[in-house]
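Heads up: the structure comes next, in structure tokens.
The values are calculated or read from the model by the stated rules, or taken from the named source; none is laboratory data. This one's a predicted model, so the numbers in the text were calculated from it and none came from an experiment. Cβ: placed from backbone, ideal geometry, glycine included. Neighbour counts: every protein chain shown.
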2 protein chains.
Amino acid sequence: MSPHLPALDLPYAPLVRRIEAEATVIGDQILRIDHFLNHRIEPAFIAEMGRELARRLSAFHPTVVLTAEASGIAPGLVVAQTLNVPLLYAKKYAPEVESPYISRVIPSPTKGGETKLVLSQRYLQPGARTVIVDDFLSNGRTAVALVEMAREAGAEVLAAGFIVEKRFRNGHQSVSELGVPVATLAQVEALRDGKAVLRQPQG
Amino acid sequence: MSPHLPALDLPYAPLVRRIEAEATVIGDQILRIDHFLNHRIEPAFIAEMGRELARRLSAFHPTVVLTAEASGIAPGLVVAQTLNVPLLYAKKYAPEVESPYISRVIPSPTKGGETKLVLSQRYLQPGARTVIVDDFLSNGRTAVALVEMAREAGAEVLAAGFIVEKRFRNGHQSVSELGVPVATLAQVEALRDGKAVLRQPQG
């Protein structure tokens, strides 16, 4: 990597503090911060996080942000607003998407079954400088599908950015192995005793 | 209604012009503008439409914007950004939503089957001054479900705002009959000969 790239996974203190103070943790797998990230959204805070993620991703000079329905739309939009490039979101269960399209089927254990993602080829041109954005990086299945779909369209996938990653799942590794650098604002190392254990901001 | 309310359904010229020039119309029912509204999003244009819709809805002094996954999230967020209030979105197929929750099942002919919307009661407090926002108002099923869910939570539903309405479907009437004023930026009167026929901006 270029020495001029910003550090992609520096813990972002305002988010780390809120997760530590406010997250609902159930068992060693479930982290719920849907009161500000993906059920209820605070416009000022999501915009602040979008600016920080966009700052890191701007080093790749993207021309489009790609995400997936539904929880990726809000973080994707605020990143796209800052970068001033279009947001493209892969649709789920979308018979109305215009042909030709690219699709992937993703197993979705929590939702019992599978999710189909569909992307109209019309909106992702060959050579498009693409960054992928989503709320969570966990097992990486959605992110890997988005990378594959973008590449099938002929686009160049430069990086992927996530608000939160679960470092104890293998998503970071799966995405990196595709040659896609990963940017994240908060890194959850473990869920233990009802608390989230996060990498700590410096200083 | 108060005489001080702004006109809620004045045609918004920049949107009317784009629909007329760019929409894909199939038969007399399908209007596709997903290249700027709900598959690919242009941040500047969606923000501009959000500001205009927020201006009309601000007369109701809302404290929360309520929408539904997935295509409501982007317009809902830009309206919420302008109003500086939280955005709450009802989730689809969401076993992870915290109890107690409120839900509705909506028949979804285009997707073949039905859609379940789920809203955690934790995030919509009794008395919350709520406006509903979505991209399209067509048959009104989603909007009616959102009104019912909000009222079941004890919230006050003040108005509903949509980017585009199909005036030849009965959504406007269905929502109005619930006592909820409807704001829209573009009113499609008919789809005919591959073109959208819209109400025209004044002057």
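List pairs: first residue in the range B:82-93 and within 7 Å of chain A (Cβ to nearest Cβ) and surrounded by fewer than 23 Cβ atoms within 10 Å (Cβ to Cβ), second residue in a helix (DSSP H, G or I) and modelled with pLDDT of 95 or more anywhere in the structure, Cβ distance under 9 angstrom, at least six positions apart or on different chains.
These pairs meet every condition: B:Asn84/A:Pro43; B:Asn84/A:Ala44; B:Pro86/A:Pro43; B:Pro86/B:Ala80; B:Pro86/B:Tyr123.
Restricting the search to the range A:134-162, which residues are of a type in the set (A, V, I, L, M), surrounded by 22 or more Cβ atoms within 10 Å (Cβ to Cβ) and out of contact with any Leu (no Cβ under 7 Å at 6 or more places or on another chain)?
Once the filter is applied, which keeps residues that are of a type in the set (A, V, I, L, M), surrounded by 22 or more Cβ atoms within 10 Å (Cβ to Cβ) and out of contact with any Leu (no Cβ under 7 Å at 6 or more places or on another chain), the range A:134-162 yields A:Leu137, A:Val157, A:Ala160.
Please find, within the range A:35-52, the residue that is nearest to A:Leu185 (Cα to Cα) out of those that are within 11 Å of chain B (Cβ to nearest Cβ) and of a type in the set (D, E, K, R).
A:Glu42
Kindly provide the set of residues from the range B:169-203 that are in contact (Cβ under 8 Å) with a residue 60 or more places away in the chain and of a type in the set (A, V, I, L, M, F, W, C), ordered by number.
Matches in the range B:169-203: B:Val182, B:Ala183, B:Leu185, B:Ala186, B:Val188, B:Ala190, B:Leu191, B:Ala196, B:Leu198.
Taking the range A:38-66 only, how many residues are in contact (Cβ under 8 Å) with a residue 40 or more places away in the chain and hydroxyl-bearing (Ser, Thr, Tyr)?
Adding up the residues that qualify gives 1.
Looking for whichever is at pLDDT 95 or above and more than 16 Å from the chain's Cα centre (by Cα) here; the options are B:Glu96, B:Glu42. Which one fits? Explain how you work it out, then say what you get.
Numbers: B:Glu96 fails: at pLDDT 95 or above.
Only one candidate passes the filter, namely B:Glu42.
Output the residues belonging to the range B:177-203 that are out of contact with any strand residue (DSSP E or B) (no Cβ under 6 Å at 6 or more places or on another chain) and within 22 Å of B:Ala68 (Cβ to Cβ).
The answer is B:Glu177, B:Leu178, B:Gly179.
Evaluate the range A:185-199: report whether one residue or more is within 23 Å of A:Val118 (Cβ to Cβ), at pLDDT 95 or above and either more than 12 Å from the chain's Cα centre (by Cα) or not basic (Lys, Arg) (or both).
No, every residue in the range A:185-199 fails to be within 23 Å of A:Val118 (Cβ to Cβ), at pLDDT 95 or above and either more than 12 Å from the chain's Cα centre (by Cα) or not basic (Lys, Arg) (or both).
How about the range B:147-177: which of its residues are in a helix (DSSP H, G or I) and among the polar types (S, T, N, Q)?
Of everything in the range B:147-177, those that are in a helix (DSSP H, G or I) and among the polar types (S, T, N, Q) turn out to be B:Gln173, B:Ser174, B:Ser176.
Can you pull out every residue in the range B:29-45 that is closer than 15 Å to A:Val78 by Cα and surrounded by fewer than 23 Cβ atoms within 10 Å (Cβ to Cβ)?
Across the range B:29-45, the qualifying residues are B:Arg40, B:Glu42, B:Pro43, B:Ala44, B:Phe45.
Give me the pairs: first residue in the range A:118-146 and assigned to a loop (DSSP other than H, G, I, E, B), second residue surrounded by 21 or more Cβ atoms within 10 Å (Cβ to Cβ) and modelled with pLDDT under 95, beta-carbon distance under 6 Å, and six or more apart or on different chains, which are they?
none
Looking at this structure, is A:Leu31 of a type outside the set (S, T, N, Q) and away from every other protein chain (no Cβ under 14 Å)?
When the stated conditions are applied, A:Leu31 does not pass them.
Does B:Glu22 count as surrounded by fewer than 19 Cβ atoms within 10 Å (Cβ to Cβ), at the interface with chain A (Cβ under 7 Å from one of its Cβ atoms) and not hydrophobic (A, V, I, L, M, F, W, C)?
In short, no.
What number of residues within the range B:11-53 satisfy the criterion of being touching a Pro at 6+ places or on another chain (Cβ under 9 Å), aliphatic (A, V, I, L, M) and in a helix (DSSP H, G or I)?
Total meeting the criteria: 5.
(1) out of contact with any Asp or Glu (no Cβ under 9 Å at 6 or more places or on another chain); (2) part of a strand (DSSP E or B): which one isn't true of A:Thr67, the others all being true?
Exception for A:Thr67: condition (1).
Can you pull out every residue in the range A:53-65 that is surrounded by 23 or more Cβ atoms within 10 Å (Cβ to Cβ) and within 10 Å of another protein chain (Cβ to nearest Cβ)?
A:Val65
Could you grab me the full set of residues in the range A:115-137 that are among the basic types (Lys, Arg) and farther than 16 Å from A:Glu148 by Cβ?
A:Arg122, A:Arg129
Conditions: (1) in contact (Cβ under 8 Å) with a residue 24 or more places away in the chain; (2) buried (at least 21 other Cβ atoms within 10 Å of the Cβ); (3) facing another protein chain (nearest Cβ under 8 Å). A:Gly72 meets all but one. Number of the miss?
(3)
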